[in-house]
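Have a look at the structure below before the remarks.
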């Protein structure tokens, strides 16, 4: 085939090829991703949201969201997540409830591959969030679902009238301990330090709850199991090294922080030492046209409101990036013509 014929074929196919390129792909359907979708949808970008394994994000596991403005009586995390999805769908946002498995940001158009298809896009916003951090003790994986849990809202009702424990010292840990007293006979709250990092209101809830016993200056060092299920814990007093046994423990809820879901982005984007995506000003990553928002790039605050705000910024910056690109006459090409 002569080079003139090849060039004509490329030209003929260019239109169809460009039609299959999305303006914007958003990876993640939590508060950051859905807020980005709302802003991008209103800007006319018709974004595709790849929701991942938990549409609505981690917030759907929160039984009472009290610190988001506009809800003076509070709102359940499930209701909040549902409202975000409904609002996004008003603005020509396409929802894909699959999981992103692979990305390629080394060339344009960017590609995002799920278990069922591959998307091509001019820009991408990553809002894939973070997942609960495990304790890292022997037997933890085997006992997960058999007494070890990372979500009190999901599993708390399974342990009605039993003794359970929560490990952690932040808002999530204390809120889960308080929530579990709806079901459990007693809740041990295990924290390696003296002071909790939770907000004052949450600390007061715990202080006033007679069903919670705080074990400060302690850490879990070993799981005790019986017939494949958690039955107790060994805890170490951090000041003295003394080991104690908490027997008759039916469940341990782990709430010691999160790890960013950045595995598929390693080698594609610059990450920090903890694995979070590095973003400079305006939610920009190390690749032009790729932005990040929410907990996947925020190791400090990790709040619903900061995630939503960063999602809004990412969408506005993606829109600005696309407008500037098109104003400069930059068009994606299937291939360079032969010379």
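For the range 246-264, does any single residue satisfy the condition of being more than 30 Å from residue 213 (Cα to Cα) and assigned to a helix (DSSP H, G or I)?
Applying the first criterion (more than 30 Å from residue 213 (Cα to Cα)) to the range 246-264 yields 260-264.
Keeping just the survivors that are assigned to a helix (DSSP H, G or I) gives 263-264.
Yes, the range 246-264 contains a residue that is more than 30 Å from residue 213 (Cα to Cα) and assigned to a helix (DSSP H, G or I).
Out of the residues in the range 125-142 that are in contact with a strand residue (DSSP E or B) (Cβ under 7 Å, 6 or more places away or on another chain) and crowded, with 19+ Cβ neighbours inside 10 Å, state the one that is farthest from residue 222 (Cα to Cα).
125
May I ask you to say which residue of 245, 235, 212 is surrounded by 16 or more Cβ atoms within 10 Å (Cβ to Cβ), closer than 23 Å to residue 138 by Cβ and at pLDDT 95 or above?
235
Give the number of residues within the range 215-232 that are surrounded by 13 or more Cβ atoms within 10 Å (Cβ to Cβ) and not in a strand (DSSP E or B).
1
Taking only the range 174-202 into account, find how many residues are part of a helix (DSSP H, G or I) and crowded, with 17+ Cβ neighbours inside 10 Å.
Total meeting the criteria: 8.
Restricting the search to the range 209-243, which residues are free of Cβ contacts under 8 Å to residues at least 12 places away in the same chain and more than 21 Å from residue 160 (Cα to Cα)?
Going through the range 209-243, the residues free of Cβ contacts under 8 Å to residues at least 12 places away in the same chain turn out to be 210, 226-227, 240-242.
240, 241, 242, listed by residue number.
Would you pick out the residues in the range 276-296 that are in a helix (DSSP H, G or I) and either surrounded by 15 or more Cβ atoms within 10 Å (Cβ to Cβ) or in contact with a helix residue (DSSP H, G or I) (Cβ under 8 Å, 6 or more places away or on another chain) (or both)? Working first, answer last.
Step one: filter the range 276-296 for residues in a helix (DSSP H, G or I), giving 281-283, 294-296.
Listed by number, the residues that qualify are 282, 283, 294, 295, 296.
If you check residue 58 against the conditions, is it in contact with a helix residue (DSSP H, G or I) (Cβ under 9 Å, 6 or more places away or on another chain) and closer than 22 Å to residue 157 by Cβ?
yes
Could you grab me the full set of residues in the range 150-173 that are surrounded by 22 or more Cβ atoms within 10 Å (Cβ to Cβ) and at positive phi?
The one that is surrounded by 22 or more Cβ atoms within 10 Å (Cβ to Cβ) and at positive phi: 168.
Per-residue answers, yes or no, for (1) in a loop (DSSP other than H, G, I, E, B); (2) under 17 Å from residue 318 (Cβ atoms); (3) in contact with a strand residue (DSSP E or B) (Cβ under 8 Å, 6 or more places away or on another chain):
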residue: 274; (1), (2), (3): yes, no, yes
residue: 298; (1), (2), (3): yes, no, no
residue: 301; (1), (2), (3): yes, no, no
residue: 307; (1), (2), (3): no, yes, no
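Quick check on the range 30-53: of everything there that is assigned to a loop (DSSP other than H, G, I, E, B) and in contact with a helix residue (DSSP H, G or I) (Cβ under 7 Å, 6 or more places away or on another chain), which residue is farthest from residue 117 (Cα to Cα)?
Restricting to residues being assigned to a loop (DSSP other than H, G, I, E, B) and in contact with a helix residue (DSSP H, G or I) (Cβ under 7 Å, 6 or more places away or on another chain), the top hit is 43.
The values are calculated or read from the model by the stated rules, or taken from the named source; none is laboratory data. Source: prediction; values computed, not measured. No Cβ is skipped: glycine too gets one built from the backbone with ideal geometry, and neighbour counts run over all protein chains shown.
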